[in-house]
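Readers should treat all values here as calculations from the given coordinates under stated rules, not as data from a laboratory. Just so it is clear, the structure is predicted and the values come from calculations on it, not from any experiment. Here the Cβ positions follow ideal geometry from the backbone for every residue, glycine too, while neighbour counts run over all protein chains shown.
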């Protein structure tokens, strides 16, 4: 049977999501805990988006294929059903910087990565001395100059839609950099922090942090709002775009279609994407490695 896991983690002490030999990662930590609780040799997880070193997640989703008898046996003498019992046992042995919020049997056709229709990130910036709170320094970027949120929104408005985001991505062999950026906007939260909401069908490596770095250059007045679109159109990395620190970035939410559309979405997501001029039909496709960092 396939299980869906909803989880959160503080990325500060992890070398990203993906398991790596001799390094502490979210995937490696979770898989070790699952193997222990389920009494299996391996418990391979697939996630919705591979976050990079230092990036946090409040709404990460993963799936795991497990033998139904192994799941039932893992509950032991618990009065809880097997899935909630698994949550309790996992959180009893996991470190405090990662928590499983819910485990449930996944609907037919569900794939945590390919069935997703969008991922939403937030990036938080404290751009005034009175906003810099030492208690949240691991989740908010402290910036020494005030940012013009209206100018940043003016720049952001010209970046939404389907584009080749090569100028804002660290390229990987064989991976497309074409994405549909559904939302990119800035607002002040109740504390006064400048918060970017970034939502797309998928993200390539460094994409969110590069977009934020580009917006900061505009918000400081070093660049005009139209410069952001010029960078996008050139399709090359620009020295004026800084890849900002990872700790201000959090994966907030992953969305999926209705249960009866999961398999179709997963199939469509595997189709190699090109820009509209090169193809007669649009195929939504998440990244080969839906991630940012």
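Summary of computed values
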{"quantity": "FRET efficiency for residue 104 and residue 133, using Cβ-Cβ distance with R0 set to 22 Å, rounded to 0.05", "calculated": "0.05"}
{"quantity": "FRET efficiency estimate (nearest 0.05) - Cβ-Cβ, residue 190 to residue 32, R0 41 angstrom", "calculated": "0.60"}
{"quantity": "Alpha carbon Rg of segment 2-105, scaled by the compact-globule rule 2.2 N^0.38 Å", "calculated": "1.01"}
{"quantity": "Chain lengthening between residue 72 and residue 233 when straightened (0.36 nm per residue, less Cα-Cα)", "calculated": "52.5 nm"}
{"quantity": "Bridge type composition, the chain - antiparallel percent by DSSP, nearest 5", "calculated": "85 percent"}
{"quantity": "For the chain: relative contact order, % (alpha-carbon pairs under 8 angstrom, 6 or more apart)", "calculated": "24 percent"}
{"quantity": "Pair residue 183, residue 258: separation of 7 Å Cα→Cβ label points (nm)", "calculated": "2.2 nm"}
{"quantity": "Cα-based equivalent ellipsoid of the chain: semi-axis lengths in Å, sorted from largest, via gyration tensor", "calculated": "35, 24, 15"}
{"quantity": "Cα gyration tensor, segment 51-178 - rounded (a/c under 1.5), prolate or oblate", "calculated": "oblate"}
{"quantity": "Calculated Rg and Dmax of segment 147-232 using C-alpha coordinates, Å", "calculated": "12.7, 43"}
{"quantity": "Most fluctuating residue given options 174, 221, 28, as computed from a GNM of the chain linking Cα atoms under 10 Å", "calculated": "174"}
{"quantity": "Length-normalised contact order for segment 118-254 - Cα pairs under 8 Å, 6+ apart - percent", "calculated": "37 percent"}
{"quantity": "Angle in degrees between helix 82-93 and the longest Cα principal axis of the chain, rounded to the nearest 10", "calculated": "70 degrees"}
